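Novice: Pasting a structure here, questions to come.
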Amino acid sequence: MAFRDLSLPFALGMALRVWRHRVPLSGLLALGLCGLAFAARGGEGFEPLAAAALAYGTLWLGYVPGGWIRAWNRLGDYSYGLYVYAFPLQGLAVWLLGPQGPAQNLACAVPMTLVCAILSWHAVERPALALRRRALPAPAE
């Protein structure tokens with residue numbers, strides 16, 4: 001993958017961050033961007049539309065107030081574990097099964113990554129955070 005392939009999603013993420021107070025969060029807009037990207041598949045406009053749909057859709061899912069997606073965190077905060085273990089386990093999937101496309105790699109790596117993230121949260125991260133809270137002095141009032 002060339003550097004230029006990653007620059008558009010990065011630039012879109014930066015722009016959405018800078019203009020976060022002006023960009024409305026709308027499920028209809030997220031769905032519309034996905035529809036446009038789907039309609040453009042195979043054409044010149046697909047990659048920029050797919051990048052826009054992915055960037056905006058991810059933000060919409062993450063920030064929609066009271067959204068159903070937030071129920072995920074009631075079980076634990078697996079985000080760091082997903083971040084830490086995803087790349088090595090994607091590599092492990094390729095090492096074990098050979099070359100594969102992105103969809104096959106995700107299908108193989110996501111379940112392994114989720115298991116590692118869950119174990120990491122419950123066995124390491126949550127206990128470490130509890131120790132940290134006990135070790136720090138109470139804030140002055």
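Novice: I'd like the residue in the stretch 72-90 that is more than 13 Å from the chain's Cα centre (by Cα) and open to solvent by less than 40 Å² (accessible area, probe 1.4 Å) and, out of all such residues, is modelled with the lowest pLDDT.
Specialist: The residue in question is Gly76.
Novice: Could I ask something else about it? Which condition breaks for Arg22 when tested against (1) within 29 Å of Met112 (Cβ to Cβ); (2) surrounded by fewer than 12 Cβ atoms within 10 Å (Cβ to Cβ); (3) at pLDDT 90 or above?
Specialist: Here Arg22 meets the rest and fails (1).
Novice: If the requirement is being within 15 Å of the chain's Cα centre (by Cα), of a type in the set (Gly, Ala, Ser) and closer than 28 Å to Trp72 by Cβ, which of these qualifies: Gly13, Gly32, Gly27?
Specialist: None of the other options fit; the residue is Gly13.
Novice: Against the conditions (1) under 22 Å from Phe10 (Cα atoms); (2) at pLDDT 95 or above; (3) open to solvent by less than 70 Å² (accessible area, probe 1.4 Å), where does Gly62 fall short? Just the number, please.
Specialist: (2)
Novice: While we're on this one: Can you tell me which residues in the stretch 123-141 are in a helix (DSSP H, G or I) and open to solvent by 70 Å² or more (accessible area, probe 1.4 Å)?
Specialist: The answer is Ala123, Val124, Arg126, Leu131, Arg132, Arg133, Arg134, Ala135.
Novice: Do the conditions hold for Ala50, that is, is it assigned to a helix (DSSP H, G or I), in contact with a Lys or Arg (Cβ under 9 Å, 6 or more places away or on another chain), under 26 Å from Phe10 (Cα atoms) and at pLDDT 85 or above?
Specialist: When the stated conditions are applied, Ala50 passes them.
Novice: Right, next: Write out, first by first residue and then by second, each pair whose Cβ atoms fall under 7 Å of each other, whose residues are 6+ apart or on separate chains, and whose first residue, in the stretch 107-118, is in contact (Cβ under 8 Å) with a residue 24 or more places away in the chain and part of a helix (DSSP H, G or I) while the second is open to solvent by 60 Å² or more (accessible area, probe 1.4 Å) and hydroxyl-bearing (Ser, Thr, Tyr).
Specialist: Thr113/Tyr85; Cys116/Tyr85; Ala117/Tyr85
Novice: Would you call Trp95 in a helix (DSSP H, G or I), open to solvent by 80 Å² or more (accessible area, probe 1.4 Å) and either modelled with pLDDT of 90 or more or not β-branched (Val, Ile, Thr) (or both)?
Specialist: Criteria met by Trp95.
The values are calculated or read from the model by the stated rules, or taken from the named source; none is laboratory data. Here the structure is a predicted model, which means the values were calculated and not measured. Here the Cβ is made from the backbone with ideal geometry for all residues, glycine too, and neighbour counts use every protein chain on show. For the accessible areas, the whole protein counts, side chains as well, though only heavy atoms, and no ligand, DNA or RNA atoms are used. Shrake-Rupley method; radii C 1.70, N 1.55, O 1.52, S 1.80 Å.
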